[in-house]
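Structure first, then comments.
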Amino acid sequence: MENDASAVIDAKPPQSLTDPLTDPFTPPADSSLWRTNFLLGAATASYQIEGAATEDGRLPSIWDTFSATPGKVLAGDTGALACDHYHRWEEDVNLLAGLGLEAYRLSTAWPRVMDENGAPNHKGLDFYKRLLGRLKEKGISTFVTLYHWDLPQHLEDRGGWLNRDTAYRFADYADLMSRELHGLVDAWATLNEPWCSAYLGYGNGHHAPGLANGRFATQAMHHLLLAHGLAIPVLHANDPRSLKGLVANVGRGTPNSESAGDRRAAELYEVQHNAWILDPLFKGEYPQDLVELWPGTEPLVLEGDMQTIAAPLDFLGINYYFRTSLASDGAHGFRDVPLEGVERTQMGWEVYPDGLRDLLIGFKETYANLPPIYITENGMASNDEVVDGRVEDTQRISFLKRHLAAVDQAIKAGVDVRGYFLWSLMDNFEWAFGYERRFGIVHIDYATQKRTIKRSAELVAKFLKDRNARAQ
Ligand code: FCB
């Protein structure tokens, strides 16, 4: 966990490997990625890979309910089986170790480890103890996210994130996990992407629990951030040696024209996607511009909440995927104007590595107390197929290389980025898009559960091997 981004580059690549024609992935010789203290890992999340939805006392989550509702998820897919990771975790840890990945970001499923009265479910806890214990044995750093969207359904039945009490229940859950798992976790993240939980879950209804009301979104966000702020001191008390942070998805918005209206639209887009979360965390207040964007939707904030939310963090996790081009909507908001002729992924998302660099540099300028950063997710979906036992995911290789170059540029501009997690270790349940969209560096055949290492994974593994060899 010792990652000093200012350390000297301590491993040098051989010149031949840096030729893009002979090696489409290996970073150039002067890249910060050659530092052996820059962590390179992969990420997953419980509901997207575990399956075993009713096993060993696991309770239903909002995603079980949502995905079972006709019309909510493409092709009616659910996470009931997913990658069957609950049973195949040993094979999956071996995959991670075999690729030489140095860190693994996973999430724990709240409905697996606690019953309706808040009592521990030891069978569920034992699963995570076995998994994390094995990862530690293999020397893999463990980044655990407590909430990657699988809220217990019984809490949703009492209002979910619209109910302030859920924030206190989350702190109880964080208490249980950090008492049970301390020593096995290098870094705790409280929440994954509160923007998605609040906005997609309660604001437009594209995600579970599927409610659509602007006022709900801001109130759910406030309770999510409060849950985060309440959990940080609890995690610290139970597990003082680990890092504590939060994972935010951030979006790059650029104006569709040079007009003042479009420039303002791009600004408001970034307020809605980034500042809505980062301002409370690092300035202790919601951005004023939210009122212009969503008049009349201010959440109920109690005395002391903002101080709780702004608890100091050891790290910020950044998830980055794409950029959006914005135009004014003629009123006080913005509309998305998709650019023509740009490179896109299977999700339809634009490939735009500069956005990651620009956002990182912008955050450093905006937030004086910005903690060290890990890129906790970055990657792309492609329609990968196994042909003669191989998966040639050419676009992903180039995508990863370009985004890692953007991270390197941010580091050289002074941003303290200490690691990068590919999304994802393996193809998995991509929320409302089900199994159609493949983000993995390992291919999953859902009929047989066979895992096939894609070409991108081979190249990442080769780079890590070269880096270790040079560092000896
Ligand atoms: C992020 C989620 C992650 C995955 C990627 C593609 O928003 O955190 O679970 O679905 O997008």
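Assorted remarks:
Conditions tested, residue by residue: (1) under 30 Å from H332 (Cβ atoms); (2) at pLDDT 95 or above; (3) among the basic types (K, R); (4) touching a Phe, Trp or Tyr at 6+ places or on another chain (Cβ under 6 Å).
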| site | (1), (2), (3), (4) |
| --- | --- |
| P233 | no, yes, no, no |
| S242 | no, yes, no, yes |
| A248 | yes, yes, no, no |
| R264 | yes, yes, yes, no |
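- From F315, F282, F322, residue being out of contact with any Gly (no Cβ under 9 Å at 6 or more places or on another chain) and either more than 16 Å from the ligand (Cβ to nearest atom) or among the aromatic types (F, W, Y) (or both): F282
- Note on segment 364-382: among residues that are of a type in the set (S, T, N, Q) and either within 25 Å of L278 (Cβ to Cβ) or more than 21 Å from the chain's Cα centre (by Cα) (or both), the one that is farthest from the ligand (Cβ to nearest atom) is N369.
- Top-ranked residue in segment 414-434 [being open to solvent by 10 Å² or more (accessible area, probe 1.4 Å) and charged (D, E, K, R); ranked as farthest from the ligand (Cβ to nearest atom)]: D416
- Qualifying residue in segment 235-255 (condition: among the polar types (S, T, N, Q) and in contact with a Lys or Arg (Cβ under 8 Å, 6 or more places away or on another chain)): yes
- For segment 181-209, filtered to residues that are small (G, A, S) and at positive phi, the residue that is nearest to the ligand (Cβ to nearest atom) is G205.
- Pair list, Cβ under 8 Å, 6 or more apart: segment 376-405 residue on the phi > 0 side of the Ramachandran plot and open to solvent by 10 Å² or more (accessible area, probe 1.4 Å), other residue away from the ligand (no atom under 16 Å from the Cβ) and hydroxyl-bearing (S, T, Y): G389/T452
- Segment 42-68: number of residues that are buried (at least 24 other Cβ atoms within 10 Å of the Cβ) and under 16 Å from T448 (Cα atoms): 2
- A single member of P14, P27, P60, P70 is of a type outside the set (A, V, I, L, M) and at pLDDT below 75, and it is P14.
- Scanning segment 296-312 finds one or more residues that are modelled with pLDDT under 95 and open to solvent by 30 Å² or more (accessible area, probe 1.4 Å).
- Restricting attention to segment 77-114, the residues that are open to solvent by less than 60 Å² (accessible area, probe 1.4 Å) and either assigned to a loop (DSSP other than H, G, I, E, B) or without any contact (Cβ under 8 Å) to a residue 40 or more places away in the chain (or both) add up to 13.
- Flag if R130 is charged (D, E, K, R), modelled with pLDDT of 95 or more and in a helix (DSSP H, G or I): yes
- Yes/no for R438 being of a type in the set (D, E, K, R), within 16 Å of the ligand (Cβ to nearest atom), at pLDDT 95 or above and open to solvent by 10 Å² or more (accessible area, probe 1.4 Å): yes
- Restricting segment 331-365 to residues that are open to solvent by 70 Å² or more (accessible area, probe 1.4 Å) and in a helix (DSSP H, G or I), the residue that is nearest to N383 (Cα to Cα): K364
- Being surrounded by fewer than 22 Cβ atoms within 10 Å (Cβ to Cβ), out of contact with any Cys (no Cβ under 9 Å at 6 or more places or on another chain), modelled with pLDDT of 95 or more and of a type outside the set (K, R) is not true of Y147.
- Filtered by the rule that a residue be more than 21 Å from G355 (Cβ to Cβ) and small (G, A, S), segment 392-443 gives A432, G434, G440.
- Looking across segment 238-259 at every residue that is crowded, with 20+ Cβ neighbours inside 10 Å and within 16 Å of the ligand (Cβ to nearest atom), the one that is farthest from L146 (Cα to Cα) is identified as R252.
- Here G71 passes the criteria (1) in contact (Cβ under 8 Å) with a residue 40 or more places away in the chain; (2) open to solvent by 10 Å² or more (accessible area, probe 1.4 Å); (3) farther than 24 Å from L459 by Cβ; (4) not in a helix (DSSP H, G or I) except the one numbered (1).
- Among the residues of this structure, Y199 counts as one that is within 21 Å of A45 (Cα to Cα) and among the aromatic types (F, W, Y).
- Any hit, segment 176-186, residues being in contact with a helix residue (DSSP H, G or I) (Cβ under 7 Å, 6 or more places away or on another chain), under 22 Å from M306 (Cβ atoms) and crowded, with 19+ Cβ neighbours inside 10 Å: no
The values are calculated or read from the model by the stated rules, or taken from the named source; none is laboratory data. All values derive from a computational prediction rather than experimental measurement. Cβ coordinates were reconstructed from backbone atoms using ideal geometry, including for glycine residues, and neighbour counts include every protein chain displayed. For the accessible areas, the whole protein counts, side chains as well, though only heavy atoms, and no ligand, DNA or RNA atoms are used. Shrake-Rupley method; radii C 1.70, N 1.55, O 1.52, S 1.80 Å.
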